[in-house]
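K.L.:
Input: one structure, supplied below.
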Amino acid sequence: RFFQPPPPGTAEHLCCPQAMALRALAAAAQPLRRAPLRWASAAASERAARDARALAVATAAAAAFLAVEVERQRRQRFLWSKCEAAHQDNRYAKNEKLIVAAECGCTTCRLMLYSVDPEAPIVQGQLAPGTLVAEERYPNIAFKSFSEIMRLFLTQDCGLRGAKPSVAVLSVSGIVMQNQCRFTNLDWVVKGWELEKEFEMARVEVLNDFVAQGYGALTLNDTEVHKLHDVPPQPNGNIALIGAGAGLGQCYLVADPVSSEYRCFPSEGGHAEFGPRGAGSEELQLDLLRYLKVKFSGWNRISMERVVSGTGICNIYDFLAYRDPTKVDPHVQKEHMKAPLDAGLIARNAYPGSICESALKIFASCYGAASGTLALFVQPFGGLYLTGGVTRKLSDWLLDEGSLLAAYFDKGRLSPLLDKVPLMIVKADDLAQRGSHLRAVQVLQQDIDTNGRRLFDRLDVRKRGKLHRNDIQRLCAKVNDKLAGRLLMVLDLDVDGKVDWPQFRRGYARLPNKLTKELAEAFALADDEDLSLRKDELVPPTERGSDEESQAKLAEILRKYHSRSRRKYIDPFEEKNSAVFKTVVWKLTANADPRDAEAWLERDYWISKEGSICFHSVTENRAMLYCSKRDLHSATIEQVDMPTGSAQPWVFRLQPRQEDGAELQATDFAVPTKECMLYWLQQLWRLQAEERADASSG
């Protein structure tokens, strides 16, 4: 039932674990001299037949489970050693590479894995090339570092074992200096080159989150923006972004004069000084500046971010309430005292003539002035985009009210310059995700161009612009013959013994990560300059996400994470955690296609003496708790009918429910045989019945 051994007499049969188990069974039965192949013989007594059958069953069971373990370990070693090669062979056919794009906020991290053809062009106004393979969001507070999140994502949630992403781009909510940053409310430090070494990637680039939005703006089309000032953009013109949200972000993009590829540059212009405006002797905004200097008396200056942001709207409201308390709505003021950083409360109560409306008008006027100033600095004739959560939520009001545009164009004799700048409000809320993806594709292509060209120049000793087979054979002095031959096979696309740079680049783009890394090390292609900064040299992060709405979102993300991730370590040698029933189980990766064999992760699962479901984590190399016996009380336990073509036919589903009522994510498990599946279901139903009986009696 367990095995289909190779035909007897073949070389495979001699070393096959199944055949070894059968031979072990025959050898074990020989000393009894009871003719093990004729147990039911009438010549044998009933007792002898019973003893022989018992021995045969016991020996067969032991041999079978031993063979399962031997076969599992053999397959595991084989598959792990061949996983990257198999994956890369698949990528050769598709000519695709894996890249990681990440949004790393103050409280959560969102990671995405894409499969990308490095030859696919990046087209402005369209999403970056590539197919989304996996996506997960993680609460930072559940981890010790970002590398722990990355490791879990790649090894467990993506099911990658040997395959390695080529590059990664991380957009972080902090100030990036020399590819490193302090970010999150936990004050983590992330360094690009450390992640490159740990996860064996060619490049890991750390971006400010607003720079990622800048790259995301390149993917926008006309249907994804509201046009405040509709003029045609200048081809290859500069592009700028300014976004009012939790803060005031700014960045700008410049096109390469040769390739027309845009490069985004960071800016902290939102921290420039707030400049009050007003007609003639009007001092309303001057009074606002004086008020804010008193409110933030520890500072000698007030930045524009104190006014043009979600928090800025609340600061303006506080100033107006202080300046003219007779106009304060008691109900609004009471709610504002409960949530002093909730700009949405002020926006919802911006009735005509109210101080909430006045606060929004001051905000819009200052926003327009800051946008116009950025336009003068950068001259973004390719487009000026207004982004950010506050901008998006107030977009209809900003389009209709007019204060923003009036202040934007109020630049004296330079106002005609702004007539040539397209001004737009962005509707999309996923610019950072788009931008991280697009930048990762750019980095992948740039890495291929840079290192591929360096390698080509190193091999082209005679500077002929073409490599002959003899030139490439020099690799044999650096790497082994097998890799050199494989490189020749991939690079010499025309099979004529000569390779020019375009051919070399196309072939280099198809090389597996392991080979490109060996080539980079052998020919010293990588830049080894150490630009590491101490933690105190990096700008500390701003603590955000402490408001009630952000905390509620974090709690929901944390609940969802715990519903799909059981990460409680256990001691497998402790008596209560020892196994009473243990088998090999294949766990289906979340949201994966059951027909994909790589989507099923092989693990050791067991039922412990105390009735818990435990497993051995390959990524952590530790024993962990999947769910306790109490979690089975209201759990869903059922057999699953798999679709045609499923890589695993014998599957059962388990969806525990925690004591607090939180429902954990359902998981599909596969086992080798139908009998094994039925036995698992029987044991789980038995444990559930026992727990329900204990609960009712208790």
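The values are calculated or read from the model by the stated rules, or taken from the named source; none is laboratory data. These numbers were taken from a predicted model, which means no experiment stands behind them. Ideal geometry is used to build each Cβ from the backbone, glycine not excepted, and the neighbour counts take in all protein chains shown. Ligands, DNA and RNA are stripped out before the accessible areas are found, and what is left, the full protein with its side chains, is counted by its heavy atoms. Shrake-Rupley method; radii C 1.70, N 1.55, O 1.52, S 1.80 Å.
K.L.:
Got a number for carbon plus sulfur as a percent of region 581-698's accessible area, 1.4 Å probe?
P.N.:
Accessible surface attributable to carbon and sulfur in region 581-698 totals 44 percent.
K.L.:
Any chance you could look up the accessible area of T636 with a 1.4 Å probe, heavy atoms only, rounded to 10 Å²?
P.N.:
Counting only protein heavy atoms, the figure is 60 Å².
K.L.:
Provide the per-residue ³J(HN,Hα) series for region 141-151, in order, calculated from phi with Karplus coefficients 6.51, -1.76, 1.60 and θ = phi - 60°, each as a whole number of Hz, with x at glycine and proline positions.
P.N.:
Karplus values, whole Hz, x for Gly and Pro: 5, 7, 10, 8, 7, 5, 4, 5, 5, 4, 5.
K.L.:
Full-extension gain between W685 and R534, please, as 0.36 nm times their residue separation minus the C-alpha to C-alpha distance.
P.N.:
Full-extension gain reported as 48.8 nm.
K.L.:
Mind giving me the FRET efficiency for R454 and A120? R0 is 25 Å, r the Cβ-Cβ distance, nearest 0.05 is fine.
P.N.:
Efficiency, rounded to the nearest 0.05: 0.60.
K.L.:
Where the centre of each part is set by its Cα atoms, how far does region 115-194 sit from region 570-605, in angstrom?
P.N.:
That distance is 27 Å.
K.L.:
Taking θ = phi - 60°, what integer Hz values does the Karplus form 6.51 cos²θ - 1.76 cosθ + 1.60 yield along region 276-291, in sequence order, with x for Gly and Pro?
P.N.:
Per residue, the Karplus-derived 3J(HN,Hα) values read x, 10, x, 6, x, 8, 5, 10, 4, 6, 5, 5, 4, 4, 4, 4 Hz.
K.L.:
Which cross-chain or sequence-distant (5 or more) residues have an amide H under 5 Å from the amide H of Y605, H modelled 1.01 Å from N in plane?
P.N.:
Result for Y605 returns T583, V585.
K.L.:
Could you list which residues have their amide H under 5 Å from that of S303, counting only those 5 or more apart in sequence or on another chain, with H placed in the peptide plane?
P.N.:
Counting only residues 5 or more places away or on other chains, the set is F274.
K.L.:
Right, something else. If I stretch the segment between E574 and K514 completely, what's the gain in nm (0.36 nm per residue apart, minus their alpha carbon distance), one decimal? If you can, show how the numbers build up before the last one.
P.N.:
Numbers: separation 60, 0.36 × 60 = 21.60 nm, distance 4.06 nm.
The E574-K514 span can extend by a further 17.5 nm.
K.L.:
Taking K and R as +1 and D and E as -1, what net charge do the other residues with C-beta under 13 Å from the C-beta of A647 add up to? List each step's numbers first, then the result.
P.N.:
Values: positive: K587, R595; negative: D593, D596, E598, E602, D668.
My count for the surroundings of A647 gives -3.
K.L.:
For V231 and I175, FRET efficiency with R0 = 30 Å and r from the beta-carbon atoms, rounded to 0.05?
P.N.:
Efficiency computed from Cβ-Cβ geometry: 0.35.
K.L.:
Another one. Compute the distance in nm between two label points, each set 7 Å from the Cα along the Cα-to-Cβ direction, one at V254 and one at D287.
P.N.:
Rounded to a tenth, the inter-label distance reads 4.4 nm.
K.L.:
Return the loop-located chymotrypsin sites (Phe, Trp or Tyr not before Pro) in region 385-421 (DSSP other than H, G, I, E, B) with at most 12 other Cβ atoms within 10 Å of their own Cβ; answer none if there are none. Intermediate results must be reported in sequence, preceding the final value.
P.N.:
Details: sites: Y385, W397, Y408, F409; in loops: none.
Answer in residue order: no site qualifies.
K.L.:
Show me the ranking of peptides 239-251, 136-148 by mean Cβ neighbours inside 10 Å, starting with the highest.
P.N.:
239-251, 136-148
K.L.:
Please work out the FRET efficiency for the pair D500 and V618, using the Cβ-Cβ distance as r and a Förster radius of 56 Å; give the result to the nearest 0.05.
P.N.:
Rounded to the nearest 0.05, the efficiency is 0.80.
K.L.:
Separate question: Output the Cα-based Rg and Dmax of region 342-451 in Å, rounding Rg to one decimal and Dmax to a whole number.
P.N.:
When restricted to the Cα atoms of region 342-451, Rg and Dmax are 17.7, 63 Å.
K.L.:
Another one. Hey, any idea what % of region 330-460's accessible area is carbon plus sulfur with a 1.4 Å probe?
P.N.:
Whole-percent figure for carbon plus sulfur exposure: 53.
K.L.:
Under the 0.36 nm per residue contour assumption, what length would be gained going from the current alpha-carbon distance of T644 and R692 to full extension?
P.N.:
Extending this stretch completely gives an extra 13.7 nm.
K.L.:
What whole-number value in Å² describes the accessible area per residue of region 423-463 for a 1.4 Å probe? Display every interim value, and only then the final one.
P.N.:
Details: 1420 Å² over 41 residues.
Roughly 35 Å² per residue, with all protein chains present.
K.L.:
Then there is this: Could you list which residues have their amide H under 5 Å from that of R595, counting only those 5 or more apart in sequence or on another chain, with H placed in the peptide plane?
P.N.:
For R595, whose amide H was placed from the backbone, the distant partners under 5 Å are A647.
K.L.:
What list of ³J(HN,Hα) couplings, whole Hz, do you get for region 267-275 from phi and the Karplus terms 6.51, -1.76, 1.60, once you set θ to phi - 60° and write x for glycine and proline?
P.N.:
With the stated coefficients, region 267-275 comes to 8, 10, x, x, 9, 5, 5, 6, x Hz.
K.L.:
Quick one: order Y262, Y569 from most to least accessible surface, probe 1.4 Å.
P.N.:
On the way: Y262 15, Y569 85 Å².
My answer, sorted largest first, is Y569, Y262.
K.L.:
Still on this model: Quick one: of K197/K498; K463/K517; K587/K629, which pairs are farther than 31 Å apart, Cα to Cα?
P.N.:
Violating the 31 Å Cα-Cα cut-off are K197/K498.
K.L.:
May I ask you to give the solvent-accessible area per residue for region 159-291, in square angstrom, as obtained with a 1.4 angstrom probe?
P.N.:
Heavy-atom accessible area per residue stands at 42 Å².
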